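What follows is a short report on a single structure.
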Amino acid sequence: MNVLALLETGMSPIRYNARMRVAVIGAGASGLSAALQAAWSGADVTLYERNETAGKKLLVTGSGRCNITNEAVTAAAYTCSDLKWMEILLSRFGVNELKDMLLEAGIPIRSTFDGWYYPLSESAHTVVDALVSSLRLSGVILAVSTQVLSIKSGFDGITLRCRQGDMDEKQTFDRVIVSAGGKAYPSLGSRGDLFPVLESLGHTVLPLRPALAPVLAELGSLKPLQGMRFDVEASVFEGKKKLVSSRGNVIFTEWGLNGPAVMNISHAISARPEKSLELSLDFLAFVNKEYDMLLARKRKTGQLLGVFLEAFFPPKAAAGFIRKAGLSTGTPLDHVDEAELNRLTASLRDTRLKVTGVRGFEYCQVSAGGIPVTEVEPGTMESCRIKGLYLTGETLDVVGPCGGYNLHFAFSSGALAGKAAAK
Ligand SMILES: Cc1cc2nc3c(=O)[nH]c(=O)nc-3n(C[C@H](O)[C@H](O)[C@H](O)COP(=O)(O)OP(=O)(O)OC[C@H]3O[C@@H](n4cnc5c(N)ncnc54)[C@H](O)[C@@H]3O)c2cc1C
């Protein structure tokens, strides 16, 4: 039966050489993982990357050290519209599966005392080198400086139109994995240009917005803290409602705050551009017990208030906090009025700053939005809209906190797609 006759019967032509022809779009963490797993599973793989080299964003992760995953990876740690979906994905490809895959590619990893995993080499360069070398050894065709412009699904497969320099060409594959990232750090390649294409194929595209981004805030009397770092619990409030909170390091800057504690909650701010939001900083979150204990010991003594607070903060910060509470550093603790002392303590536990937004895509580590996870099968990453199309990594609407969670998601969703697409 010829192809046209087959079409009339509604059947598709069968190829008797069983190797799947798989295309992967994007050689970031997710696409590298997808291409490798597809090749290891027996597929003929072509990996398209618009940059002149693979893994450009991977190189800058973890300040060049590549914080690759985290001992505490669980579904609940991610901001994702369907917790069950994430549980299924992680049950298929968790930390152990990622460790195995990386080892197979020649990348042993180890965790720090707080459970953040890095390559033994502590170098993102070695991770990219090892992944690219594994791709070559597995026969993957790496088409760099090649941008995919369109994706069309037909009876004989999925056709990509690609541009390399001035040349356009079309290629048809059995399966296509889209690992083109989101919109974060566009200078490293992910500019969101395939979202309109995915929309035309029937997918929903949720508005893209910065996540893991520095937060813009009015510092008011805390302006002198610029350049200083603190361990805090940071929370976002809309009126009286606490939306989200995170504990960790923050640094005061000329425009607001940077550092993991605020970056981890920035997606809740970028999701509400019209709302009036406040940031609450608890400067005692990590020293509550010690603060109460020392205060009880020194309360009835002539210890100066400034000296007392310097047990927890650098002198400049201690003086700033005391001034903000309307007190003086030189007052002995036994002369400080109870209500005034309570006011100082309360403000250390809940300093409010007016939020004015977050910094843009150029400054954020990941973007939120994109394709909803509910439009993709969690065990295989196959699109529920187009058979043979797979979506992975930051192209999907998933945000993890700082600490290796986003690379974990990129690698694991890529790996599941690669394995499934090769079958
Ligand atoms: C400065 C920085 C530091 C970070 N540090 C960490 C960290 O330490 N730990 C962590 O877990 N996460 C970190 N992240 C986040 C992490 O890098 C991302 O979660 C991850 O890179 C997402 O991988 P991805 O493959 O989905 O997308 P990307 O890495 O963005 O890769 C997408 C690739 O697709 C290519 N592409 C896009 N469109 C096309 C097209 N049409 N045709 C061809 N190619 C295309 C792009 O050029 C790009 O190479 C960091 C991010 C930044 C910006």
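Between the Cα long axis of helix 83-92 and the first principal axis of the chain there is an angle of about 60°, rounded to the nearest 10. With respect to the chain, whose longest principal axis is taken over its alpha-carbon atoms, helix 315-324 is tilted by about 70°. Defining a contact as two alpha carbons under 8 Å apart and six or more residues distant in sequence, what relative contact order in percent does the chain show? Relative contact order of the chain: 25 percent. Annotation note: GluC sites (Glu not before Pro) in the stretch 75-166 located in DSSP loop regions with a Cβ neighbour count of at most 12 within 10 Å are Glu122. Evaluating 6.51 cos²θ - 1.76 cosθ + 1.60 at θ = phi - 60° for every residue in the stretch 119-131, the Karplus couplings come out as x, 3, 5, 6, 9, 5, 4, 5, 5, 5, 4, 5, 5 Hz, glycine and proline recorded as x.
The Cβ shell under 12 Å around Ser221 holds other residues with a net charge of +3, Lys and Arg each +1, Asp and Glu each -1.
Per-residue Karplus couplings for the stretch 292-303, computed as 6.51 cos²θ - 1.76 cosθ + 1.60 with θ equal to phi - 60°, are listed in order as 4, 5, 5, 5, 4, 5, 9, 3, 9, 10, x, 3 Hz, Gly and Pro entered as x. Accessible surface for Ser63 stands near 120 Å², nearest 10, in the context of the full protein assembly shown (1.4 Å probe). Between the alpha-carbon centers of the stretch 218-235 and the stretch 143-195, tell me the distance in whole angstrom. Centre-to-centre distance over Cα atoms comes out at 43 Å.
Given contacts defined as C-alpha pairs under 8 Å and at least six residues apart, what's the relative contact order of the stretch 26-137, whole-number percent? Dividing the mean separation by the residue count of the stretch 26-137 yields 31 percent. Taking a ≥ b ≥ c as the square roots of the eigenvalues of the alpha-carbon gyration tensor, the stretch 288-349 is classed rounded because a/c is under 1.5. Of the listed residues Phe361, Phe411, Phe155, the order by accessible area with a 1.4 Å probe, largest first, is Phe155, Phe361, Phe411. Across the accessible surface of the stretch 211-284, with the other protein chains kept in place and a 1.4 Å probe, carbon and sulfur atoms take up 46 percent.
Here the stretch 355-371 is scanned for amide nitrogen atoms under 12 Å from the site 7 Å beyond the Cα of Phe286 along Cα-to-Cβ, giving none. One chain, two ends: Glu238 and Thr53. Fully extended at 0.36 nm per residue, the span grows by 62.2 nm beyond their Cα-Cα distance. Rounded to the nearest 20, the size of the Cβ-charge dipole of the chain about its Cα centre is 400 debye, with Lys and Arg at +1 and Asp and Glu at -1. Specify the inter-centroid distance of the stretch 361-423 and the stretch 256-279, based on alpha-carbon positions, in whole Å. With the stretch 361-423 and the stretch 256-279 each reduced to a Cα centre, they are spaced 23 Å.
Residues whose amide H comes within less than 5 Å of that of Ile371, counting only those at least five positions distant or on another chain, are Leu206, Leu396, Asp397 (H built at 1.01 Å from N in the peptide plane). Under a Gaussian network description of the chain, with springs only between Cα atoms under 10 Å, the residue in Val60, Val128, Val376 that fluctuates furthest is Val60. Checking the table Lys183/Lys419; Lys152/Lys419; Lys56/Lys242; Lys241/Lys298 against a 28 Å threshold on Cα-Cα, which pairs fail? Correct reply: Lys56/Lys242; Lys241/Lys298. Among the chymotrypsin sites (Phe, Trp or Tyr not before Pro) within the stretch 213-276, those in coil by DSSP and having at most 16 neighbouring Cβ atoms inside 10 Å are Trp255. Counting only protein heavy atoms and a 1.4 Å probe, the chain has 45 square angstrom of accessible area per residue. Charge dipole of the stretch 211-284 (Cα centre as origin; +1 on each Lys and Arg Cβ, -1 on each Asp and Glu Cβ, all else neutral): 140 debye, rounded to the nearest 20. Positive contributions from Lys and Arg (+1) and negative ones from Asp and Glu (-1), summed over other residues with Cβ under 12 Å from the Cβ of Ala261, come out at -1.
Multiplying the residue separation of Val144 and Ala296 by 0.36 nm and removing their Cα-Cα distance gives an extension gain of 48.2 nm. Computed per residue of the chain from DSSP H runs no shorter than four, each worth -39500 (n - 2.57), the mean residue ellipticity at 222 nm is -8500 deg cm²/dmol.
Within the shell of other residues whose beta carbon sits under 15 angstrom from the beta carbon of Leu142, the net charge comes to -1, with Lys and Arg scored +1 and Asp and Glu -1. Note on the stretch 322-407: with neighbouring protein chains present and a 1.4 Å probe, carbon and sulfur make up 48 percent of its accessible heavy-atom surface. Here the stretch 43-153 has 53 percent of its accessible surface on carbon and sulfur atoms, given a 1.4 Å probe and all protein chains in place.
The values are calculated or read from the model by the stated rules, or taken from the named source; none is laboratory data. The shown structure was predicted, so the numbers you read here are calculated from the model rather than taken from an experiment. Positions of Cβ are generated from backbone atoms using ideal geometry, with glycine treated the same way; all protein chains shown enter the neighbour counts. Accessible surface areas use protein heavy atoms only, side chains included; no ligands, DNA or RNA. Shrake-Rupley method; radii C 1.70, N 1.55, O 1.52, S 1.80 Å.
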